[in-house]
Amino acid sequence: MKKITFLVLLLAISIGSFAQTWKSDKAHSQLKFDITHMGLSTVSGAFTDFDATVTASQADFSDAKFELTAQSTSINTGIGQRDDHLRSADFFDVATNPTITFKSTSLKKVSGDKFQVTGDLTLHGVTKPVTLDLWYRGTAENPMSKKPTAGFRVTGSIKRSDFGIGTKFPAAMLGEEVAIFADGEFVKQ
C-alpha cells in the first residue's frame, strides 16, 4: 500500500511540475528598438536574427521563464552605413560581443494578463538586471501548423550608458534611453 501511495504522490508531483517549452516562431516575432537622434527624431531598428524560448508549467504562464539570444551582427536600421557603424567598437563591437542575451530571474503578475519580467540582460559584454513589462496575449491553435501557439509582447527601456554603448556620443546627440519592443508567437514543442 505504501508503494502505491508513494507512486501516486510522485506522479502527482511530476504532472503538477511538468514544464513545457515554447520556441519563438521567427516568421511572427520581432525584436525592435527606438532611440532619439539630437532630440529631433527617432531612429528605429531591429535585430533580425534571434531565438527565444519560454518554459512554463502553468497554462497562464504565471511561472514562465524567458530566454533570448540575439546576434549583434543582425542589427538593422535600414541604413547600411549606420548599421556598419553600430557594429563597430563605437557601439556594439560585434567582433568581441557577438550576442545579446536575456535570461529571466522572476515574473510578477501585475493584473490579468500583464506581468513584470525581471532578468539579466547581457549587452556589449555587460550584464545588468532589467525589469520589463510583459503582456501575455493568449494561446490559440495555429490553423496552419495545428500546434498550440502563445503570444507575448515585451516593452521597456534601458540606458545605453549602463552597457557602455556609444560612450563617445553625448546624450544631446544620441538619446540615453533606448526603448525596447519585442513581440511574437511561441510554438509549443
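Since every read-out is calculated from the coordinates, none of them should be taken as a lab result. Since the structure is predicted, the reported quantities are computational estimates derived from the model, not experimental observations. Neighbour counts are summed over all protein chains in view; Cβ atoms, including those assigned to glycine, are modelled from backbone coordinates with ideal geometry.
So, D113, is that one surrounded by 13 or more Cβ atoms within 10 Å (Cβ to Cβ) and closer than 20 Å to D49 by Cα or not? So D113 does not fit the description; no. Going by what's in this entry, would E141 be described as of a type outside the set (S, T, Y), without any contact (Cβ under 8 Å) to a residue 40 or more places away in the chain and more than 24 Å from Q20 (Cβ to Cβ)? Against the criterion (of a type outside the set (S, T, Y), without any contact (Cβ under 8 Å) to a residue 40 or more places away in the chain and more than 24 Å from Q20 (Cβ to Cβ)), E141 does not qualify. Taken together, the criteria exclude R160 from residues that are of a type in the set (K, R) and within 24 Å of D25 (Cα to Cα). Restricting attention to the range 19-37, the residues that are touching a residue at least 24 places away in the same chain (Cβ under 8 Å), aliphatic (A, V, I, L, M) and part of a strand (DSSP E or B) add up to 2. Picking from residues in the range 170-188 that are hydrophobic (A, V, I, L, M, F, W, C), touching a residue at least 60 places away in the same chain (Cβ under 8 Å) and more than 16 Å from I100 (Cα to Cα), the one that is surrounded by the most Cβ atoms within 10 Å (Cβ to Cβ) is F186.
For the residues R87, R137, the requirement of being surrounded by fewer than 17 Cβ atoms within 10 Å (Cβ to Cβ) and basic (K, R) singles out R137.
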